[in-house]
Amino acid sequence: MPAYRYHAVDAEGHSAKGTMDAANEVDLEQRLKRTGLDLLTFRLAERNPTITGIPITRRDLITFCFHMEQISRAGIPYFEGLNDLRDSMENARFRQVLTALLEDLEGGKMLSQALAGHPDVFDTVFVNLVKAGEQTGQLDEVFANLSSTLKWQDELISQTRRLVIYPAIVLVVILSVLAFLLLYLVPQLVSLIRNMGGELPLQTRLLISLSDLLSHWWGLFLALPVAGLIGFNVALRHDAGTRLGWDHFKLYLPLTGPILRKIVLARFATVFATTYKAGIPVLEGLRLAQQVVGNRAIAAALAEAEQQIIAGESLSKSFQKLAIFPPLVLRMLRIGESTGALDTALLNISDFYNRDVKDSIEKALKVLEPALTIILGGILGLIMYAVLMPVYDILTKFKF
């Protein structure tokens with residue numbers, strides 16, 4: 001449907017300008033008449049080119065949700081509130097999105113319909129929650145819950161990055177030190193040791209062999225990991241079985257696996273609790289949760305639970321058969337179903353996982369830091385022992 005820029009007047013002769021979607025000129029005039037305006041002039045509106053390269057961050061969405069919550073509680077018209085937000089928004093791309101939302105609202109669309117036109121900014125869960133809020137008249141609560149959820153996600157991502165970045169930095173340091181020792185230091189010392197004579201111990205001979213292998217085939221050592229990563233990424237993109245197997249494998253890795261499982265389940269519990277509280281049916285909430293958990297193995301389990309509920313099973317029994325929730329969560333679900341306060345039970349589950357994830361990440365960081373330090377020190381110690389031990393043996397044979 002094309003968009004038109006119009007100039008109209010109301011019954012008192014006040015001028016009004018704006019943009020509205022309409023099938024044609026006649027439809028535009030009729031739409032304006034229904035709003036109490038008489039059309040004077042019009043022209044086709046030219047959409048602004050999309051601004052690319054500027055990401056819309058989670059912080060921008062949190063600002064949007066907080067602003068929408070406030071104007072919903074205050075009863076301010078969405079058009080007026082969004083117009084103020086657009087004028088104060090620093091992100092140029094988000095300003096463009098807000099401009100498009102204003103045009104869609106002027107064209108007669110509901111807020112959820114306008115948001116659905118920007119799936120790269122507002123995901124399916126976001127749009128459906130807003131739609132449910134429109135139907136129940138609780139948009140202020142919906143935006144408050146969305147703001148809380150986005151803040152939790154932002155904090156969780158920050159903590160997860162800490163868990164990943166520190167081991168990555170230590171791994172880079174270890175590999176860099178190993179490469180320096182094996183490619184530069186060991187060959188220099190080997191010539192010295194051989195000139196001094198004497199038989200080399202086993203660990204020194206192994207280290208020299210490893211140094212020679214790395215010196216002659218360093219290109220292969222670099223190419224193999226790169227080729228393996230490229231092949232693995234290609235398999236992940238084109239093979240559904242590989243993606244499912246990889247997601248399942250990640251859940252059972254030592255140390256990080258249990259934390260990842262808790263993160264995925266915390267995301268599910270938060271989204272499911274938010275959708276249920278907003279008035280979205282259980283089955284629809286499960287479908288939405290499958291799209292945002294970020295793990296195909298868990299999503300497949302939730303799809304299985306959905307089928308069991310359709311077949312007549314209760315929510316708690318269907319989750320019990322999945323064997324992915326701890327007994328405490330299943331017990332809280334049963335209590336929520338029996339008391340009719342399922343929304344409260346879901347929010348308690350969400351709070352339980354949120355706290356558990358934070359505690360698990362903090363504990364993992366406390367374990368990782370000394371463990372990686374010990375590993376780095378152990379590797380360096382073994383190399384220095386293999387290099388310096390024959391030097392020490394030779395020096396002890398000299399009589400001063």
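Every number in this text was worked out from the coordinates using simple rules, so none of it is lab data. Note that the coordinates shown come from a computational prediction; the quantities given were computed from them, not determined experimentally. Reconstructed Cβ throughout: ideal geometry from the backbone, glycine too, with neighbour counts over all protein chains shown.
In whole angstrom, the range 192-400 maps to an equivalent ellipsoid with semi-axes of 56, 21, 12, each derived as √(5λ) from the alpha carbon gyration tensor and ordered largest first. Rounded to the nearest 20 debye, the dipole size of the chain about its Cα centre is 1720 debye, using +1 on the Cβ of Lys and Arg and -1 on the Cβ of Asp and Glu. Among residues other than residue 239 with Cβ under 15 Å from its Cβ, the summed charge is +2 (Lys and Arg +1, Asp and Glu -1).
When the alpha carbon coordinates of the chain are projected onto the principal axes, the ranges are 114, 56, 38 Å, largest first.
Modelled label positions at residue 155 and residue 244, each set 7 Å beyond Cα in the direction of Cβ, lie 3.6 nm from each other. As a calculated quantity, the FRET efficiency between residue 136 and residue 351 at R0 = 25 Å, using C-beta atoms, amounts to about 0.60.
When the pairs 131/317; 277/317; 151/358 are compared against a 18 Å limit on Cα-Cα distance, 131/317; 277/317 fall above it.
Let me know the whole percent of all Cα-Cα pairs from the range 31-140 that are separated by more than 21 Å. Everything past 21 Å amounts to 38 percent. In a shell of Cβ-Cβ distance under 13 Å around residue 251, excluding residue 251 itself, what net charge do Lys and Arg (+1) and Asp and Glu (-1) give? Once all neighbours under 13 Å are counted, the net charge is +3. Beyond 15 Å, what share of the Cα-Cα pairs of the range 3-44 remains, rounded to the nearest whole percent? When every Cα pair of the range 3-44 is considered, 26 percent fall beyond 15 Å.
Counting only Cα atoms, the size of the range 309-400 along its three principal axes is 90, 25, 16 Å, in decreasing order. One decimal place: the segment residue 251-residue 296 gains 15.1 nm when fully extended, by the rule 0.36 nm per residue minus the C-alpha distance. The angle separating the long axis of helix 218-238 from the principal Cα axis of greatest extent in the chain is about 30 degrees. Cβ crowding within 10 Å ranks 230, 375, 324 as 230, 375, 324, fewest other Cβ atoms first. In the chain, helical runs assigned H by DSSP with n ≥ 4 each contribute -39500 (n - 2.57); averaged across all residues and rounded to the nearest 500, the mean residue ellipticity at 222 nm is -25000 deg cm²/dmol. Basic side chains Lys and Arg get +1 at the Cβ, acidic Asp and Glu get -1 at the Cβ, and with that the dipole of the range 192-400 about its Cα centre reaches some 260 debye.
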